[in-house]
Amino acid sequence: MSRLAIVFVLLASIAATALACSKNHNFDYILLATQWPETFCESQRCVQHQDKWSIHGAWPENNDGSWPQDCCTEKPFNAALLKPIEAELIAHWKTLKSGSTNDVFWSHEYSKHGTCSVDSPLLKDELAYFNNTLTAFKKLKIDEWLAAAGIVPSASKTYPVEAFHQAIKKGSGVTAAVDCVVHRKKGVPVISQINFCLKKETLQPFDCPLRDHNCKPHVQIGYHPSH
Ligand code: AMP
């Protein structure tokens with residue numbers, strides 16, 4: 001191949017990558033999805049986990065309820081880039097699935113959501129995506145705020161979903177959205193996620209426009225401890 005041809009092929013592949021990676025980047029805010037490990041683990045085999053809120057993911061969202069996903073298949077997840085923050089990730093964003101690995105979970109979150117978050121200056125590349133999501137999460141003292149309102153994990157006690165909302169509002173100053181699921185064995189509603197809305201420029205929380213998911217108003221919900 002002549003030099004000119006090589007240069008042409010290189011330019012064409014760079015252009016193709018840029019094009020493939022520039023699709024669907026627009027979004028309005030970041031949804032920081034935090035999860036209650038025991039609820040996730042009620043429906044599948046899990047590794048040992050603690051009773052503390054943990055990160056599911058940071059997801060770009062639009063005000064109309066749509067969201068971009070899988071924005072750059074040409075930019076594969078690189079686990080080596082996360083080595084400097086691996087211990088922190090394991091503390092707050094670890095895989096719960098038995099027989100799987102953290103890299104599988106992080107790769108899924110990055111490929112599906114992280115590659116679409118690059119319009120946020122704080123989430124512009126893989127390390128920034130994970131590191132700044134961790135920083136935003138660590139400012140949310142969810143366990144403390146709930147405990148301060150008397151909401152503690154219990155195998156028998158239940159709480160109205162409004163109690164979670166009030167505790168989060170009191171602690172953080174913002175409204176969050178709560179997700180519930182029906183417990184596989186007991187058939188009762190339990191809390192699964194608390195979702196915070198963050199400004200895309202600063203990752204500061206603001207009142208979340210999202211509705212609760214599967215949590216009916218005034219219904220008592222479970223908040224189970226791990227066993
Ligand atoms: P997403 O596609 O970002 O909504 O994430 C959903 C996927 O992530 C599902 O396959 C879940 O089973 C998986 N998932 C959610 N939380 C965890 C976790 N803590 N550990 C491992 N996989 C998870």
Checklist entry - Mind checking which residues of region 192-224 are closer than 15 Å to Val152 by Cα and over 21 Å from the mean Cα position of the chain (by Cα)? => result Gln220, Ile221, Gly222
Checklist entry - What number of residues within region 143-168 satisfy the criterion of being β-branched (Val, Ile, Thr) and loosely packed, with under 14 Cβ neighbours inside 10 Å? => result 1
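For (1) under 30 Å from Ala163 (Cα atoms); (2) among the aliphatic types (A, V, I, L, M); (3) modelled with pLDDT of 95 or more, each residue gets a yes or a no:
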residue	(1), (2), (3)
Leu82	no, yes, yes
Ile85	no, yes, yes
His92	yes, no, yes
Asp103	no, no, yes
Checklist entry - Within region 195-205, is even one residue within 24 Å of Gln50 (Cβ to Cβ) and surrounded by fewer than 17 Cβ atoms within 10 Å (Cβ to Cβ)? => result no
Checklist outcome for this item: Within region 117-138, the count of residues that are assigned to a loop (DSSP other than H, G, I, E, B) and touching a Leu at 6+ places or on another chain (Cβ under 9 Å) comes to 3
Checklist outcome for this item: When every residue in region 117-128 that is away from the ligand (no atom under 15 Å from the Cβ) and among the small types (Gly, Ala, Ser) is compared, the one most open to solvent (accessible area, probe 1.4 Å) is Ala128
Item to check | Output for region 183-204, where each listed residue is in contact with a Pro (Cβ under 9 Å, 6 or more places away or on another chain) and modelled with pLDDT under 95 | outcome: His183
Item to check | Every residue from region 21-48 that is open to solvent by 40 Å² or more (accessible area, probe 1.4 Å) and not in a helix (DSSP H, G or I) | outcome: Ser22, Lys23, Asn24, Asn26, Asp28, Ser43, Gln44, Arg45, Val47, Gln48
Next on the checklist: Just to verify a result, which residue in region 76-116, among those that are charged (D, E, K, R) and assigned to a helix (DSSP H, G or I), is most open to solvent (accessible area, probe 1.4 Å)?
Outcome noted: Lys83
Checklist entry - Looking at (1) surrounded by fewer than 16 Cβ atoms within 10 Å (Cβ to Cβ); (2) more than 13 Å from the ligand (Cβ to nearest atom); (3) of a type outside the set (Asp, Glu), which is the only condition Leu140 fails? => result (1)
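The values are calculated or read from the model by the stated rules, or taken from the named source; none is laboratory data. Quantities reported herein were computed from a predicted structural model and do not represent experimental measurements. Methodologically, a virtual Cβ is constructed for each residue, glycine included, from the backbone with ideal geometry; neighbour enumeration extends over all protein chains shown. Heads up: the accessible areas ignore ligands, DNA and RNA and are worked out on the full protein's heavy atoms, side chains in. Shrake-Rupley method; radii C 1.70, N 1.55, O 1.52, S 1.80 Å.
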